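Please read through the structure below; I'll follow up with questions.
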Amino acid sequence: MNIDLPENQDFKFIITNLYTRPKWFFRFTQEHWYNKYAWLLLYLALLGSQFGRISSGKLNIESWTELFFKVIIFGSGISLLFYIMFAYILAGTARWLKGIASAADILRVIAYSSIPGIIVLLLYIIGSLIYGISFFSISFWVNNESWSQTIFKIFLMTINGFVGINIAIFMVLGIATVNNFSIWKAILSMILPVIILVVVFAVIASFL
């Protein structure tokens, strides 16, 4: 299937097609090696994911400097490297299942599938403008000082959950599309790299 290259390929083009015809969009990105905004969108989504670690109590930030280095630079950078490694492993395991996608195809799927995560990032930015640096501390998420604070936290975590489901659906559809897989075969191909990574890290940890 050959898909002509549209004239206008701005951010609206990406969002509109991702949500209205995701299979067409992922096939389009594969055929044209389309990468517009991909790395930027992936980084922003990963940044939102890193902020999510704060609300889950896995990270405590007490200053803007700490936020910059721990989250914006180090945390998001490590996450980006992980997804690159995951893409290469997934491309390999997909080949075992007769898939055709390259690691670059997989990375594009991950990048564009992650777009909904930017919503979470925007909510964290709004939270920081309202509550300041304390918004990124564990104490903020543990203590309920006011009804407005509690409602905002519940709203953010609810949106976070919906966004996670949205990303997972796009990613499965994308992996299925670029590999010519069924949905179940795509899910299996995504599980295998996770098993491989868990085994590898377990072996490395056993020698430390």
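Please verify whether segment 67-78 includes one or more residues that are over 30 Å from residue 144 (Cα atoms), modelled with pLDDT of 85 or more and buried (at least 19 other Cβ atoms within 10 Å of the Cβ).
Among the residues of segment 67-78, not one is over 30 Å from residue 144 (Cα atoms), modelled with pLDDT of 85 or more and buried (at least 19 other Cβ atoms within 10 Å of the Cβ), which makes the answer no.
Still on this structure: Looking for something under 30 Å from residue 189 (Cα atoms) and aromatic (Phe, Trp, Tyr) - is there at least one such residue anywhere in segment 103-121?
yes
What do you reckon, is residue 25 of a type outside the set (Ser, Thr, Tyr), over 16 Å from residue 73 (Cβ atoms) and modelled with pLDDT of 90 or more?
Taking the combined requirement at face value, the residue satisfies it.
Next question, about the same structure. Among the numbered criteria (1) over 22 Å from residue 192 (Cα atoms); (2) in a helix (DSSP H, G or I), which single criterion is violated by residue 144?
The single condition residue 144 does not satisfy is (2).
Here is a list of conditions, (1) at pLDDT below 85; (2) polar (S, T, N, Q); (3) assigned to a helix (DSSP H, G or I), and residue 9 meets all of them except one; can you say which number that is?
All conditions are met except number (3).
Filter segment 112-131 for residues that are part of a helix (DSSP H, G or I) and buried (at least 23 other Cβ atoms within 10 Å of the Cβ) and give the result.
Result: 112, 113, 117, 120.
Kindly provide the set of residues from segment 132-154 that are surrounded by 12 or more Cβ atoms within 10 Å (Cβ to Cβ), among the hydroxyl-bearing types (Ser, Thr, Tyr) and more than 30 Å from residue 40 (Cβ to Cβ), ordered by number.
Across segment 132-154, the qualifying residue is only 150.
If you go through segment 18-53, how many residues are without any contact (Cβ under 8 Å) to a residue 60 or more places away in the chain, in a helix (DSSP H, G or I), of a type in the set (Ser, Thr, Tyr) and surrounded by 15 or more Cβ atoms within 10 Å (Cβ to Cβ)?
So the answer is 1.
The values are calculated or read from the model by the stated rules, or taken from the named source; none is laboratory data. Model, not experiment: these values are computed from the prediction. Cβ coordinates were reconstructed from backbone atoms using ideal geometry, including for glycine residues, and neighbour counts include every protein chain displayed.
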